[in-house]
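Before I ask anything, here is the structure I am working with.
The values are calculated or read from the model by the stated rules, or taken from the named source; none is laboratory data. Predicted model only: the values in this text are computed from it and were never measured. Virtual Cβ from ideal backbone geometry, glycine too; neighbours counted across all protein chains shown.
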Amino acid sequence: MDGPIAGREITGVELLLIAYNALPAASQEEAFQRLGELRAQKELDQGSVAARFLCSLQRAAEITGPDPSPADYKEAYRQLQETEDPIEPIGRVIRHYGSWRRAKEALALSATTTAIRIESRFRSRRLGKIWRYTEETLIETLTRCADDLRHAPLVGEFEHWRRCELELAVAEGNDWLHVPNPTAYRKRWGPTWPDVLARVFEPADIEARLEQP
């Protein structure tokens, strides 16, 4: 746990280094080795997850063609759902890659490289990046939320759904996922949440939600 040190909160990494330096030399060597093993296992697990999602895209493309749309992927998912080896649902695919555009990029790259190298390329692209979401990503994320909830989301529902998406991504080993928050939407489409909804949903759907107590 973090704790105060020199007038500030100590970070987890600093705490780990303090504990490491307090160990005798022999124990330091063992600790270093075990950390290396943990890192290798994490990379292996991430590689397995990456391969699973990429395989889902490849199997869908075998059915729909090399440039599947979200609707195409959903149709492939429906066809393969009752088989012994179904593919991942589209919501999880988009959550893993961050957008459908990036999922299709991964599919295209898979012709010449491996799943883990594709993941490394995407991760290095994100490092130090200032996030500015495209219109496509904003629409795609809000639509996916509405699909999960089965209605246009109120702002509190969207916040809750967003937190769950991020937590689930981390649990799956994807700790670099970014999901737009309501502020990003209001700055682009606002200033109010009804203004945001009006960019994606029909007026009747919005009115029905806003009339809810």
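Can you tell me which residue among R92, R121, R78, R102 is within 14 Å of L54 (Cβ to Cβ) and exposed (fewer than 15 other Cβ atoms within 10 Å of the Cβ)? Steps first, please.
Numbers: R92 fails: exposed (fewer than 15 other Cβ atoms within 10 Å of the Cβ); R78 fails: within 14 Å of L54 (Cβ to Cβ); R102 fails: exposed (fewer than 15 other Cβ atoms within 10 Å of the Cβ).
From the options R92, R121, R78, R102, the qualifying one is R121.
Scan the range 156-174 residue by residue and report those that are out of contact with any helix residue (DSSP H, G or I) (no Cβ under 7 Å at 6 or more places or on another chain) and closer than 21 Å to R132 by Cα.
R162, R163, L166
Let me ask you something else. When the range 109-118 is examined, which residues are found to be surrounded by fewer than 14 Cβ atoms within 10 Å (Cβ to Cβ) and small (G, A, S)?
If the condition is that a residue be surrounded by fewer than 14 Cβ atoms within 10 Å (Cβ to Cβ) and small (G, A, S), then A111 is the only one that fits.
A further question on this structure: Somewhere in the range 156-168, is a residue assigned by TED's automatic domain parsing to the domain that holds T183, small (G, A, S), in a helix (DSSP H, G or I) and surrounded by 15 or more Cβ atoms within 10 Å (Cβ to Cβ)? Steps first, please.
Of all residues in the range 156-168, those assigned by TED's automatic domain parsing to the domain that holds T183 come to 156-168.
When the remaining residues are screened for being small (G, A, S), the result is 156.
Still in the running and in a helix (DSSP H, G or I): 156.
Those left that are additionally surrounded by 15 or more Cβ atoms within 10 Å (Cβ to Cβ): none.
No - not one qualifying residue is present in the range 156-168.
Oh, and also: Given A204, A208, A184, which one is part of a helix (DSSP H, G or I), out of contact with any Lys or Arg (no Cβ under 8 Å at 6 or more places or on another chain) and modelled with pLDDT of 90 or more? So that I can check it myself, show each step before the final result.
On the way: A204 fails: modelled with pLDDT of 90 or more; A208 fails: modelled with pLDDT of 90 or more.
Being part of a helix (DSSP H, G or I), out of contact with any Lys or Arg (no Cβ under 8 Å at 6 or more places or on another chain) and modelled with pLDDT of 90 or more holds for just one of A204, A208, A184, which is A184.
Filter the range 98-107 down to the residues that are in a helix (DSSP H, G or I) and either farther than 14 Å from E136 by Cα or polar (S, T, N, Q) (or both) and list them by number.
Step one: list which residues in the range 98-107 are in a helix (DSSP H, G or I), which gives 100-107.
Within the range 98-107, E105, A106, L107 meet the criteria.
Further question: Which condition does I87 not pass, out of (1) modelled with pLDDT of 90 or more; (2) assigned to a helix (DSSP H, G or I), if it passes all the others?
Answer for I87: the failing condition is (2).
Does C145 meet the test of being modelled with pLDDT of 90 or more and either among the aliphatic types (A, V, I, L, M) or surrounded by fewer than 16 Cβ atoms within 10 Å (Cβ to Cβ) (or both)?
Against the criterion (modelled with pLDDT of 90 or more and either among the aliphatic types (A, V, I, L, M) or surrounded by fewer than 16 Cβ atoms within 10 Å (Cβ to Cβ) (or both)), C145 does not qualify.
Does S69 count as under 15 Å from the mean Cα position of the chain (by Cα) and surrounded by 11 or more Cβ atoms within 10 Å (Cβ to Cβ)?
Working: under 15 Å from the mean Cα position of the chain (by Cα): no; surrounded by 11 or more Cβ atoms within 10 Å (Cβ to Cβ): yes.
For S69, the condition - under 15 Å from the mean Cα position of the chain (by Cα) and surrounded by 11 or more Cβ atoms within 10 Å (Cβ to Cβ) - is not met.
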